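The values are calculated or read from the model by the stated rules, or taken from the named source; none is laboratory data. Note that the structure is a prediction, hence the values are computed from the model and not measured. With ideal geometry, Cβ positions are generated from the backbone for all residues, glycine too; neighbour counts draw on all protein chains shown. Just so you know, the surface numbers come from the protein's heavy atoms only, side chains and all, with ligands and any DNA or RNA stripped out. Shrake-Rupley method; radii C 1.70, N 1.55, O 1.52, S 1.80 Å.
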Amino acid sequence: MKIKDIINLEQELSFNFFWKEISETEEGYGLVVDNTTYKDVASIASVGFGLSAIPIAIENGWISKEAGKQRAIKTLETFLRNVEESHGFFVHFVSMKDGKRAWQSEVSVIDTALFLMGALVVGEYFGAEVYDLFEAIYSRIDFPWYLDKQNNQYYMGYNYERGFWGHWDGYAEQLIMYILGVASPTYPIAPSIYYSFERKIGKYKDYELIYTYTGSLFTYQFSHAWIDFRNIIDKDKIDWFENSKKATLANWEFCKDMHSQYKTLHEKSWGLTACDSPDGYRGDFGAPPSAQNNTIHQTDGTVPPCGAIGSIVFTPEIVEETVQYYYENIPELWGEYGFKDAYNLDRNWFSKTYIGIDKGIEVLMIENYKSGLVWDITMKNKYIKDGLEKIGFKTRK
């Protein structure tokens, strides 16, 4: 099969995850499972990716526009009425049945932002009633409530038992949180919050970049799934798109260099990021540069296809070769929704699960690579334009 056809098939099957793995209860309609192993729990971030995938499915002819619109309306109504929230911020993991808190989960600023970007995309795409529902959800989020005013930084998390903890004090996947917060029509925060997190510079081989704590690739991808950073820079002249390209190439080089230790890792099997593993879900898989003198990133040889595919807009040729390799050489990775979450040849292990955020980054980034659709929809939105302008982003000359 030609690489173009493999990529299109992977995108369509990944979309099917979001179309089929949903709640159809009256109170939880439209909630999407976090993963296919625990089907009674939804992730609001998974819903955000799923909503963003609806226009993609319509434009590719996989579903009708009316079916997509009805799914968007009913899902947003679920969030407006039933999904558990505090000060407008949603609980990260909720019951598929009724939208109430699961697993003693946190009230999450980043996962609320990921959900909200999905609501924004369908709102902008369909307009009218869908846009009104997006605005109703957006306008009740009290962004200053989640702010540590002393540090002018978002807290990392909040739950009922311990209150707030930690801070978003370094670069990661959170850029959308600043754009949405600054542009809020009801509870805005000052643009200075965007400049309050530390930009630590590290290097691996020839690639010098502003790095994230674990060097996990999703941290360089998630905000880029919606915001088109290709031709804009901030007041400090930081080019986040170029930064993610360098991080992707550093990850690729690291995996090539690790082949002598892990047979799973090589030039066509790479992309270290948070994923399923032989020992359960791991959020610390990554590559250098990472925090504390390049000691925080971890690998046991496990590779998720979403790591590379989520970077297809940054390094398309390398990603295409990798996708073809997975499809033609690792048949155990393939299933109902395309590539399963991860594999590890060193331990003869192949994941049996699909994870929403991992399927989601694939669907969105493949479409941005093919047509730029999600970027085009997002960048037309008045709140995104306003947030970027207030923060100080300008077109690169």
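Figures for the structure shown
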| quantity | calculated |
| --- | --- |
| Condition check for LYS268: under 17 Å from ILE318 (Cβ atoms), touching a residue at least 40 places away in the same chain (Cβ under 8 Å) and basic (Lys, Arg) | yes |
| Hits in the stretch 223-237 (condition: open to solvent by less than 90 Å² (accessible area, probe 1.4 Å), among the acidic types (Asp, Glu) and within 15 Å of TYR194 (Cα to Cα)) | ASP234 |
| Failed criterion for ILE63 (all others in (1) within 21 Å of LEU373 (Cα to Cα); (2) outside any loop (DSSP other than H, G, I, E, B) hold) | (2) |
| Scan of the stretch 154-197 for residues that are open to solvent by 60 Å² or more (accessible area, probe 1.4 Å) and within 21 Å of the chain's Cα centre (by Cα), ordered by number | MET156, ASP169 |
| Positions within the stretch 10-38 being of a type outside the set (Phe, Trp, Tyr), in contact with a strand residue (DSSP E or B) (Cβ under 7 Å, 6 or more places away or on another chain) and part of a helix (DSSP H, G or I), in sequence order | GLU10, LEU13, SER14 |
| Positions within the stretch 93-139 being part of a loop (DSSP other than H, G, I, E, B) and either open to solvent by 30 Å² or more (accessible area, probe 1.4 Å) or modelled with pLDDT under 95 (or both), in sequence order | LYS97, ASP98, LYS100, TRP103, GLN104, GLU106 |
| Failed criterion for VAL313 (all others in (1) in a helix (DSSP H, G or I); (2) within 16 Å of TYR220 (Cα to Cα) hold) | (1) |
| Single residue of VAL122, VAL83, VAL109, VAL91 found to be touching a Lys or Arg at 6+ places or on another chain (Cβ under 6 Å) and in contact (Cβ under 8 Å) with a residue 40 or more places away in the chain | VAL91 |
| Matching residues, the stretch 351-385, being farther than 18 Å from SER277 by Cβ, open to solvent by less than 10 Å² (accessible area, probe 1.4 Å) and not in a helix (DSSP H, G or I) | GLY372, ASN381 |
| Verdict on ASN151 being open to solvent by 40 Å² or more (accessible area, probe 1.4 Å) and out of contact with any Phe, Trp or Tyr (no Cβ under 6 Å at 6 or more places or on another chain) | yes |
| Neighbours by Cβ (under 9 Å, 6+ apart or cross-chain): first from the stretch 372-391, among the small types (Gly, Ala, Ser); second part of a helix (DSSP H, G or I) and surrounded by fewer than 20 Cβ atoms within 10 Å (Cβ to Cβ) | GLY387/PRO191 |
| Residue selected from the stretch 199-219 under the condition among the aromatic types (Phe, Trp, Tyr) and within 20 Å of GLY283 (Cα to Cα), by the criterion most open to solvent (accessible area, probe 1.4 Å) | TYR213 |
| Among the residues listed as GLY283, GLY271, the single one being of a type in the set (Gly, Ala, Ser), at pLDDT 95 or above, surrounded by fewer than 18 Cβ atoms within 10 Å (Cβ to Cβ) and within 19 Å of ASP358 (Cα to Cα) | GLY283 |
| Breaking point among (1) of a type in the set (A, V, I, L, M, F, W, C); (2) in contact (Cβ under 8 Å) with a residue 60 or more places away in the chain; (3) under 21 Å from GLU367 (Cβ atoms); (4) surrounded by fewer than 24 Cβ atoms within 10 Å (Cβ to Cβ), for ALA67 | (2) |
